[in-house]
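Structure, as structure tokens:
Every number in this text was worked out from the coordinates using simple rules, so none of it is lab data. Given the structure is predicted, the values throughout are model-derived calculations rather than measurements. So basically every Cβ, Gly included, is an ideal-geometry build from the backbone, and we count neighbours across all protein chains shown.
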Amino acid sequence: MASHDHNHDIDAVSGTATTGHVWDDIRELNTPLPRWWLWTFYLTILWSIGYWIVYPAWPLIANHTRGVFGYSSRAEVAVELQQLESVRDRQAAALRTASVDDIRNDPTLLRMATARGRAAFGDNCAGCHNQGGSGVGVFPNLTDDEWIWGGKLADIQTTIRHGIRWEQDANSRAGQMLAFGRTGVLKPAEIETVVEYVRSIAKLDVANGADLAAGTKLYADNCASCHGEKAKGNPELGAPDLTDAIWLYGSSRAAMVESIANGRAGVMPAWGSRLDEVTIKSLTVYVHSLGGGQK
Amino acid sequence: MSTQPLADDDRDQPLYEATKKVYPQGVSGWFRRLKWIILSICLGIYYLLPFVRWDRGPYLPNQAVLIDFPARRFYFFFVEIWPQEVYYLTGLLILAALALFLMNAVAGRIWCGYLCPQTVWTDLYLSVERLIEGDRRERIQRDSGPWTAGKVGLKLSKHFIWIMIAWWTGGAWVLYFADAPTLVKDLASLEAPFAAYLWIGILTFTTYALAGFMREQVCLYMCPWPRIQAALTDQDALNVAYRYDRGEPRMSLKQATRIKAIGEPAGDCIDCNQCVAVCPTGVDIREGAQLGCIQCGLCIDACDTVMAKINRPTGLIAYDTDQAIKARACGTTPPPRRLVRARTILYAAVIALVGALMVYGLATRSMLDLSVLHERTPLFTQLRDGAIRNNFTLRIANKRPESRLVSVSVSGIAGATTELIGANPVPGRPGVVEVGPDQTLEFKLLVTVPRAALDGPKAMIQIKAQDLTINDIRTVQENFFGP
């Protein structure tokens, strides 16, 4: 049972004052916090009051108290970023004046540009083209040697700067895979025939009894103007090579029929208006160095 | 239930003994001279070593001992160590530990008594103290007396010199981390990096505190070595010892004459306490081997001086073994001291083994390193003609002080072709890169193989880097991935 005794006497054993609380004959000793501790604690409270006054502290409904020092961590970051930019600018000076070919041929500039390009690629390009440019789905793999719009440094630079079928950029890459089926140019049976012909030149399996002669004629009449008589493609028009092993939209019959029936028109934004020239050059060199870059 | 109050003496006793200030007395003799010589050699090496030059050719620093953090290199005369070879330093530490063990088995705490920086700097500080404030008796008297202008002056000048010594200690320390002559110039013109001043400050503080104030406390309470040594010593190890077989029963000179006259035994120790007065850690050697005794030999000098004065043979305190004293005390002939015994043979053998391993490692280490990192995104790329390409990032480290031509080649899959991107290419020589002196070159290696050459999702390839002028080849096994 607990009793409350207000007689704060001294404990005989330890010589310490008691709090007067007694439970089952056990008295509670009064051992207050050390003075220095207590005063340090009060001091920290005082300190915090000063802190509220001079630094941003209290959240208000729309914003917060600013503090008399006018300190802002965002402003501090801005200054640090500015300093970082000025350091980078010194490096960038060499990249700004050099052409992409110069950069490609100078190991030092190449290393610098590749490092910057890798970072910029992660920030801007990897969302579609995947980390390392390995491509995903209808976004092309940039590490192989298939280039719809050309794989030379200058081609890559143009594509990055102006984008593909990007309406806001007048110089954007343009070219159209017509919807031969939807527009009624080719009948479904003709589409199937031409698919078998394309499969034969791409060394894919061909259906038994396919009329390759009819396919050849259909191809020459409808497809050769862009993809070329030998189907080697034309980067000027964004017409891919149909004889190689790389099929952006898939090499199944269904995918090929879909491409011919409804057309394809992949879009890439123009980065010229968003990224500075040094970054675009760095990205160009980086993408070129992923393995497929053409001389 | 009644409680038993604690006894007063149990409750009020402090948990540690209050420090007794030690006032070591000056002494001269053989061991004192030896200690001065060792002190001069140790400090001389410490202060002058950074200025020793060592020619390594035009591309590398010419400082004999240099820890170059920015370039991540450690130079020690003819050895240059890269960060990935830091295990050589570990080997050096193992050798140092084993050398301490061997020292201990042969002649006790040689390290503590003569070589330890704590001992060396404390000795230096004590000699300054003695020079300015006088010897033991004078210092005790002055410290217990009132503060006078003279006392303040003496104390101030002592601390000033101490801080100067400490400052030079820190100053020499930083010279091991940069080109010493340049850094000295920069320090003097206040153009040295902040880190240099900071470390000088830190080392100044630690030297001043450890050698000026903590002294024997470091040996008694901070250092683990005395405790370890107690386990390493044995009955054959030489130790500074009081020969109680000869000294006991101790008594004054006068009493000894009287006792001897009636035919009773009297020891040689006259209880003059000189051995205690000179002891830098304030212990009484006559109580036997103990933690606080660093075995500096100064009590030997003190005792020998007294013995010579009273015409008794010297060597009452001397380097001796425990079992020899025990034998003489029992009146038997001490067995001959065995220098060659299991303990010393073992330590020496392990030292020889570790040393040989390190020398072998250093002599045969490759001056060319190749590391290969397989590109993960994508693991492989299919090309237009169906061929499969894997990308690798290669790092070739050239540890020689001159530029080298290295050819990079791939084997393991028939028909594999390679392309290097970002390397320092050598015009007209495909597959050959130039790696600068003491540098690491990083570049991309693209390996393409025909589709038909791959019969599964994975194959092994060997990537080889070969020096074109001398026989130095590194080969790395890597996976080649396909669909």
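Residue by residue, what Karplus-based ³J(HN,Hα) values in Hz, rounded to whole numbers, does the range B:111-119 have, using 6.51, -1.76 and 1.60 with θ = phi - 60° and x for Gly and Pro?
4, 4, x, 10, 10, 4, x, 4, 5
Arranged by the count of other C-beta atoms within 10 angstrom, fewest first, what order do B:Glu375, A:Glu236 take?
In order of increasing Cβ crowding within 10 Å: A:Glu236, B:Glu375.
In whole angstrom, how long is each semi-axis of the equivalent ellipsoid of chain B, when you take the square root of 5 times every eigenvalue of its Cα gyration tensor and sort them from largest down?
Working through the eigenvalues yields semi-axes of 65, 29, 23 Å.
Using only Cα atoms, find the angle between the long axis of helix A:253-262 and the longest principal axis of chain A, and express it within 0 to 90 degrees, rounded to the nearest 10.
80 degrees
Name the residues whose placed amide hydrogens come within less than 5 Å of the amide hydrogen of B:Tyr319, ignoring near sequence neighbours (fewer than 5 apart) on the same chain.
Here B:Ala241 satisfy the definition.
Sorting B:Arg109, B:Arg215 on the 10 Å Cβ count, fewest up front, what's the list? Mind showing how you got there, number by number?
On the way: B:Arg109 27, B:Arg215 23.
The fewest-first ordering by Cβ neighbours comes to B:Arg215, B:Arg109.
Within 10 Å of each Cβ of A:135-145, how many other protein chain Cβ atoms are there on average?
3
Between the range B:21-93 and the range A:257-295, what is the C-alpha centre distance in whole Å?
Between the Cα centres of the range B:21-93 and the range A:257-295 lies a distance of 58 Å.
Dividing the Cα convex hull volume of the range A:188-262 by residue count, how many Å³ per residue is that?
So the per-residue hull volume is 86 Å³.
Can you tell me the dipole magnitude for chain B around its Cα centre, using point charges on the Cβ only (Lys, Arg +1; Asp, Glu -1), in Debye to the nearest 20?
800 debye
Gain in length, B:Ala342 to B:Trp54, computed as 0.36 nm per residue apart minus the alpha-carbon separation, to one decimal in nm?
99.6 nm
Which entries of A:Lys187/A:Lys217; A:Lys203/A:Lys230; A:Lys203/A:Lys295 have Cα-Cα distances beyond 24 Å here?
Those over the limit are A:Lys203/A:Lys295.
Lysines within cross-link reach of B:Lys185: Cα-Cα under 30 Å, excluding same-chain residues under 8 positions apart?
Those lysines meeting the cut-off are B:Lys158.
From other protein chains only, count the Cβ atoms within 10 Å of every residue's Cβ in B:383-393, then give the mean.
Whole-number average of other-chain Cβ neighbours for B:383-393 is 4.
If amide H atoms are built 1.01 Å from N in the plane of the peptide, which residues on other chains or at least 5 residues away come under 5 Å of the amide H of A:Ala239?
It is A:Asn234, by chain and number.
If amide H atoms are built 1.01 Å from N in the plane of the peptide, which residues on other chains or at least 5 residues away come under 5 Å of the amide H of B:Gln25?
B:Val278, B:Cys279
Which of the trypsin sites (Lys or Arg not before Pro) found in the range B:25-87 are in a DSSP loop and have at most 15 neighbouring Cβ atoms, other than their own, within 10 Å?
B:Arg72
Quick one: work out Rg over Rh on the C-alpha atoms of the range B:281-403, Rh as Kirkwood radius.
So for the range B:281-403, dividing Rg by the Kirkwood Rh gives 1.47.
When the Karplus curve 6.51 cos²θ - 1.76 cosθ + 1.60 is applied with θ = phi - 60°, which whole-Hz ³J(HN,Hα) does each residue of the range B:29-36 get, with x for Gly and Pro?
x, 4, 6, 4, 4, 4, 5, 4
Under the rule of -39500 (n - 2.57) per DSSP H run of 4 or more residues, summed and divided by the residues of chain B, what mean residue ellipticity at 222 nm is obtained, to the nearest 500 deg cm²/dmol?
For chain B, the value works out to -12500 deg cm²/dmol.
How many partner chain Cβ atoms sit within 10 Å of a residue's Cβ in peptide B:370-382, on average, as a whole number? Numbers along the way, then the final one.
Numbers: counts 0, 0, 0, 0, 0, 5, 3, 7, 13, 2, 2, 14, 8.
Averaged over the peptide's residues, the number is 4.
Excluding residues fewer than 8 places away in the same chain, name every one of the aspartates and glutamates whose C-alpha is closer than 18 Å to that of B:Lys458.
B:Glu375, B:Glu478
Work out from phi, with θ = phi - 60° and the Karplus expression 6.51 cos²θ - 1.76 cosθ + 1.60, the ³J(HN,Hα) of each residue of the range B:313-329, listed in order in whole Hz, and give x for Gly and Pro.
x, 6, x, 5, 10, 7, 6, 8, 9, 4, 6, 5, 5, 4, 4, 5, 5
Cut-off under 15 Å on the C-alpha distance; same-chain residues fewer than 8 positions from B:Lys254 excluded. Which aspartates and glutamates are left, in chain and number order?
B:Glu264, B:Asp268, B:Asp271
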